[in-house]
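So the structure is just underneath, and the comments pick up after that.
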Amino acid sequence: MFILTKIADLVQIAPEDFGKPSLSAIEDNVNAKYANKVIQKLGLFICLWDILWTSEGLIGHGTGLVNVNVEFRMVVFRPFKGEVLVARIASQTREGIHLATDFFHDIFVPFIELPEGTEFEPSEGLWVWKDEDQVMYYDNNEMVRFSVIGEEWHDQTPTGPVDMTDEPAGQRKSPYQITGSMKGPGLGCYLWWEE
Amino acid sequence: MKILESQNALLSNYEVYQHLVDQETRNKANKRRVPANLAKLVTEVITYLRERPGPLEKQEETHAYTPESIPRLLEKIREANFQSELAKGELISILNLRPATSAQLSTAVEDLEERFTEDEQNRIVDIIAEVLGRDEPAPAEGEGEEGAEDAVPSIENGS
């Protein structure tokens, strides 16, 4: 679920941070820049893991910033294909089930990836798994296991001024979306698989 | 910014959890304020990792996971000499999910039934319980096997 990514970056320490020990100043700087951000094709950055190397601090002309080249490793949320994760059912529609973890909310399980015999119950707005004479509900807020089958990346780079005369374009797509499957033994609400 | 290596290492949930908890304790002791985006995210990740059915739910009380448990688990599995080897990703999944039955094990291990005999599956589950602990007392033997055999799993205990 988590990986380490090695990055080299220029860290600029502002004079107000000179009171901190250098390593703390670098750590805060890196975390402020990367934590809770998605970088395309890499994943959601969580926090700094360790600092591998730093250069001497250099002050340029015109500013009081100390420039340090740093090599460091970051903890990144990037589940691999086929990995099984636990998440909570956030909402359900005819198209499928939206899942969320506490820190990551863009997980979608399309209806074709639900077990055979699963139907949408429009009156309740829930998906129901009917297996022989058993009826089981995918309740909202239930913890489920799902396996990762795909990921989608949407670049958030602005494209230019929006034409105000047009209807507002549809909702912005999330930068990193995971597609999951709940078809297969052990997947679905975890309570179904408890002994 | 330059990416030197996009995937330097795989981490198990336990390692990330421990890193975050240590970092929080350290910061609290030194009364150090971290950037707001980090503080929020760290709280959320820790909450997530402590959630049921995650194996770290009671970590603070039981200390079931220790830095030594990872090498110990790998060694035990190697010693058991199974007919098929577990891949790195599968071992990470085992550490993260701590499967307690063959049915749960099949989510962590690909093609479980083709690669391991039923006996071996049960032995893997036993090794996991021995090294990493488990929530409930050992389940009855028959139930675990049943779950592994059925393509569409039995759901008597579903409600």
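Things worth noting here:
- Taking label positions 7 Å along the Cα-Cβ direction at both A:ALA14 and B:ASP119, the computed distance is 6.8 nm, reported to one decimal.
- Legend: calculated FRET efficiency, A:LEU65 to B:GLN7, from the Cβ-Cβ distance at R0 = 35 Å, rounded to 0.05, equals 0.65.
- Placing dummy labels 7 Å off each Cα toward the beta-carbon, the span from A:TRP53 to B:ALA29 is 3.1 nm.
- Segment B:1-102: GluC sites (Glu not before Pro) in DSSP loop, at most 13 other beta carbons within 10 Å: B:GLU68, B:GLU85
- Note on A:CYS47: accessible area approximately 0 square angstrom, rounded to 10, probe 1.4 Å, nucleic acids and ligands left out.
- Helix A:22-34 axis, angle to chain A major axis (alpha carbon atoms, nearest 10°): 40
- Whole-number percent relative contact order across segment B:52-141, with pairs defined as alpha carbons under 8 Å at least 6 apart: 35
- One Cα centroid belongs to segment B:10-43, the other to segment A:78-123; the line between them spans 29 Å.
- Using heavy atoms of the protein chains and a probe of 1.4 Å, the accessible area assigned to A:TRP153 is about 50 Å².
- Using a cutoff of 8 angstrom between alpha carbon atoms and counting only pairs six or more residues apart, the relative contact order for segment A:69-195 works out to 28 percent.
- Listed pairs A:LYS37/A:LYS173; A:LYS6/B:LYS58; A:LYS20/A:LYS41; A:LYS183/B:LYS76; A:LYS37/B:LYS58; A:LYS37/B:LYS28 exceeding 26 Å between Cα atoms: A:LYS6/B:LYS58; A:LYS20/A:LYS41; A:LYS183/B:LYS76; A:LYS37/B:LYS58
The values are calculated or read from the model by the stated rules, or taken from the named source; none is laboratory data. It should be emphasised that the depicted structure is a prediction, and the values quoted were computed from it without experimental measurement. A quick note on method: Cβ atoms are made from the backbone with ideal geometry, for glycine too, and the neighbour counts reach across all protein chains shown. With ligands, DNA and RNA removed, areas are computed over all heavy atoms of the protein, side chains included. Shrake-Rupley method; radii C 1.70, N 1.55, O 1.52, S 1.80 Å.
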